[in-house]
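The values are calculated or read from the model by the stated rules, or taken from the named source; none is laboratory data. In this text, all values refer to a predicted model and were calculated from it rather than measured experimentally. Methodologically, a virtual Cβ is constructed for each residue, glycine included, from the backbone with ideal geometry; neighbour enumeration extends over all protein chains shown.
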Amino acid sequence: MAYKKSWESNEKLNKTEQWKLEKDGLKVFEDIPHYAKNGFSSIPKEEWDKFKWAGLYLQRPKEDGYFMMRVNVPSGILSYDQARELASICKEYGRDVYDITTRQAIQFHWLKIEQIPDIFKRLEKVGLSSAGACGDITRNIVGNPLAGIDPDELFDTRAVVKEVYDFFQHNEDFSNLPRKYKVSISANLNNAANAEINCVSFLPAKKEIDGKEENGFHLKVGGGLSSRPLLAEELDVFVLPHQVKDVTIALTTIFRDYGYREKRHLARLKFLMADWGPEKFKEKLLEYVELLPAGTDAVKGWNAGYFYGVHPQKQEGLNYIGLNVPVGRLNSDEVYELARISKKYGNGELRNCNSQNLIIPNIPDEHVDALLNEKIFDRISTSPLSFIGYSVSCTGIEYCNLALVETKERMRQIANDLDQELTLDVPVRIHMVGCPNSCGQRQIADIGLQGIKMRTKDKKMIEAFEIYVGGTLQDGGKLNEKLKGKVEAANLSEVVKQLLIHFKQTKEQGETFFDY
Ligand code: SF4
């Protein structure tokens, strides 16, 4: 495919665009061995941002020289060896912090530049990579965490996800995109991969072709959270599984060559889609690939990535077990133990959900009871209390340079307090984020809590929150809406509790927060 660099002559390119043209982001992999040998002080400040292409961010405060690393886990599926290797990196280098992200990836903290080459080697040994996990590039491919075992999937998407992921890994034709670029591919009938908040998403669909019903995908384009959140819009096309790679290449080419590069905050694919509209976008796509018009949608609803408890797989006699990882954080011993249990009773896999939780698959009927008796499930519960079980949090000020407030521990505390004081007949999903970038996806939460800084009457800056209500991806989705005012962080727990008490007192039996 021709690499046009059509934007090269644009004089209005922002600073990031200018350095990306001089040297591709992925070239940082060639520089890392030198920096690792010579220490953090050998890295020029202007190079710091380029580490993102290797999945590395400097954590807060940047000058201390500790990195966060995000490791791609396509569709969230980890083998036994991969899970153990991640646990060992976490233990040896990452001060025992193992975070599951809302895009099914894994994050480490506290890494030093001297350790990075060894970590790369260890990841590569088990077929994992952090390349492109951050930066203006195709990120981890989100998918159905139950792919291949799911009674509620139209077909197994593992091979399709792998094909697309492998194509874009370390691919310098597509490593200078205008901004981050998020793809989801899932055939789960309950939209387990949160299609509408991705730049590009493939959802299950059927179509009669030459008198035969074929399984494939419908396509949604132009979703994204952070500044000016938008939900992806459907293009009237039907994509067969073998066409997904070519369609993704075409869409990525369109983004690369026509996406906006003047202002960083207006550079996501969603802004191009908002300007062009689905019809013009489809016409452009059809210049690259031949596709049939859409068929019949197979999506039935939205499960928000929650799978607690024991469920039969599509393979008779096997089960998957959904577990709660409170606010997505584990330590290395817990990861070792979960991998051990998965291997002992099943095939050793652990699967990450975009709700920051885990699934252990492939457990034969006769082993389910023994597995459930394992001690670790006291904390990593298969039937969590309803607030901690449905709470999501981004990284926040503990490590993140963009954060305005502390999040993870605060979210855990609020959820635990609510579980002590309140019971409801339906789960309420609460998402906390530390800034508008919304890594914790607050826009799709029943209750979204977004950190801000607030000036008090005596002119002090304190941590505070905005509260948003009513987000969902049910029926195409609706982003939550802001309630009037701001809440001091110290009062947040009480305000959320009062909101939920009001909900409890005025709702009907079985009524969910979204319906309310
Ligand atoms: Fe950091 Fe903001 Fe993302 Fe939270 S939402 S991890 S504070 S960038």
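Quick look at the numbers
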| read-out | value |
| --- | --- |
| Matching residues, segment 328-350, being more than 26 Å from Arg410 (Cα to Cα) and buried (at least 20 other Cβ atoms within 10 Å of the Cβ) | Ala339, Ile341, Ser342, Tyr345, Gly346, Gly348, Glu349, Leu350 |
| Tabulated pairs, segment 387-399, first on the phi > 0 side of the Ramachandran plot, second at pLDDT 95 or above and within 8 Å of the ligand (Cβ to nearest atom), C-beta under 6 angstrom, 6+ apart or interchain | Gly396/Ala403; Gly396/Thr407; Gly396/Gly434 |
| Segment 473-504, residues that are among the polar types (S, T, N, Q) and out of contact with any Leu (no Cβ under 9 Å at 6 or more places or on another chain) | Gln474, Asn480, Asn491, Gln498 |
| Residue list for segment 312-325, restricted to those being touching a residue at least 60 places away in the same chain (Cβ under 8 Å), over 24 Å from the mean Cα position of the chain (by Cα) and in a strand (DSSP E or B) | Pro312, Leu318 |
| Residue that is buried (at least 22 other Cβ atoms within 10 Å of the Cβ), among the polar types (S, T, N, Q) and either in contact (Cβ under 8 Å) with a residue 24 or more places away in the chain or assigned to a loop (DSSP other than H, G, I, E, B) (or both), where the choices are Asn215, Asn191 | Asn191 |
| Those residues of segment 470-515 which are within 19 Å of Leu230 (Cβ to Cβ), touching a strand residue (DSSP E or B) at 6+ places or on another chain (Cβ under 9 Å) and at pLDDT 95 or above, in sequence order | Gly470, Gly471, Thr472, Lys478, Leu479, Asn480, Glu481, Lys482 |
| Selected residue [part of a helix (DSSP H, G or I), within 25 Å of Ser184 (Cβ to Cβ) and touching a residue at least 40 places away in the same chain (Cβ under 8 Å)] from Ser355, Ser342 | Ser342 |
| Criterion violated by Arg95 - all others in (1) surrounded by 20 or more Cβ atoms within 10 Å (Cβ to Cβ); (2) touching a strand residue (DSSP E or B) at 6+ places or on another chain (Cβ under 9 Å) satisfied | (1) |
| Segments classed as strands (runs of 3 or more DSSP E), wholly inside segment 400-516, with at least 3 members that are over 21 Å from Asn354 (Cα atoms) | 447-455, 461-469 |
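For (1) more than 21 Å from the chain's Cα centre (by Cα); (2) more than 16 Å from the ligand (Cβ to nearest atom), each residue gets a yes or a no:
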residue	(1), (2)
Glu172	yes, yes
Leu177	no, yes
Glu196	no, yes
Ile209	yes, yes
Glu214	yes, yes
Leu219	no, yes
Ser226	no, no
